[in-house]
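The values are calculated or read from the model by the stated rules, or taken from the named source; none is laboratory data. No experiment lies behind these values; they were computed from the predicted model shown. A quick note on method: Cβ atoms are made from the backbone with ideal geometry, for glycine too, and the neighbour counts reach across all protein chains shown.
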Amino acid sequence: MLDSIFTGTTSVEIAFIDVMMTIVIAFAVGGLISGTYRKTQQNGRISQSFALTMILLPAVIAIIIMLIGSDIAKAFSLAGAFSIIRFRSAPGDPKDIAYVLFAMAAGLAVGVGAYLYALLFSAVLCLGMYLLSRTRLGGKSEVLRQLQITVPEDLDFENAFEDILKNYTVQYTLKRVKTTNMGSLYQLTYDVALDENTSTKALIDSLRCRNGNLNISLMLAAEQVSFS
């Protein structure tokens with residue numbers, strides 16, 4: 001009876017046991033991918049919505065593939081429907097995009113019935129991603145902070161702090177320049193990458209000697225980034 005319900009709603013013949021097996025395996029693969037994502041986040045900031053998406057995405061893709069089958073017309077209709085969907089989210093990290101593609105590939109494998117291959121390649125890739133995150137291949141971990149320096153209007157700020165920043169930082173970028181105090185002062189905003197052994201006090205003291213002891217602020221909340 002259950003099989004007749006599924007065959008009555010679509011031209012594709014789908015056995016009920018196949019549907020349940022597909023959903024269960026897709027959720028299992030999604031849970032494995034989501035768990036790997038949580039384990040490989042170096043900075044500790046885990047997006048709960050993204051982790052849940054990694055669990056649901058393989059199941060959604062698998063169900064779509066299973067319902068389409070070999071029907072070309074349905075495939076084109078589905079492509080047209082998805083083309084009008086707009087995903088409103090901030091651009092993600094390249095590693096997050098890789099996880100999305102990973103979850104979609106796993107869902108495709110489950111949807112076509114290659115359960116064993118889906119589980120196998122998901123386990124191998126999850127293990128590889130975990131090992132790569134532990135070895136920190138491609139770069140070393142640095143501490144990224146925002147540095148704000150107030151300077152007088154008669155100071156050539158474009159070259160005033162280069163030697164100090166090169167000495168105390170791994171990488172620095174001037175992000176913003178604005179005037180304050182009725183235009184008599186400039187406020188410079190840098191993104192600086194500090195090594196774990198860098199002395200924050202020594203950096204600020206050196207900058208104070210250069211900017212006339214005006215205000216200097218350094219963001220204490222650190223973000224872990226990687227530089228090759």
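What the table shows:
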{"item": "Search result, residues across segment 147-176 that are in contact with a strand residue (DSSP E or B) (Cβ under 6 Å, 6 or more places away or on another chain) and among the polar types (S, T, N, Q)", "result": "GLN148, THR150, THR169, GLN171, THR173"}
{"item": "Answer from LEU125, LEU119, LEU147 - the residue that is over 30 Å from ALA103 (Cα atoms) and touching a residue at least 12 places away in the same chain (Cβ under 8 Å)", "result": "LEU147"}
{"item": "Among (1) modelled with pLDDT of 85 or more; (2) surrounded by 14 or more Cβ atoms within 10 Å (Cβ to Cβ) - the single one VAL124 does not satisfy", "result": "(2)"}
{"item": "Residue within segment 56-67 that is more than 17 Å from ILE97 (Cβ to Cβ), of a type in the set (A, V, I, L, M, F, W, C), at pLDDT below 85 and not in a helix (DSSP H, G or I) present", "result": "no"}
{"item": "Residue selected from segment 162-174 under the condition under 32 Å from the mean Cα position of the chain (by Cα) and surrounded by fewer than 12 Cβ atoms within 10 Å (Cβ to Cβ), by the criterion nearest to LEU203 (Cα to Cα)", "result": "ASN167"}
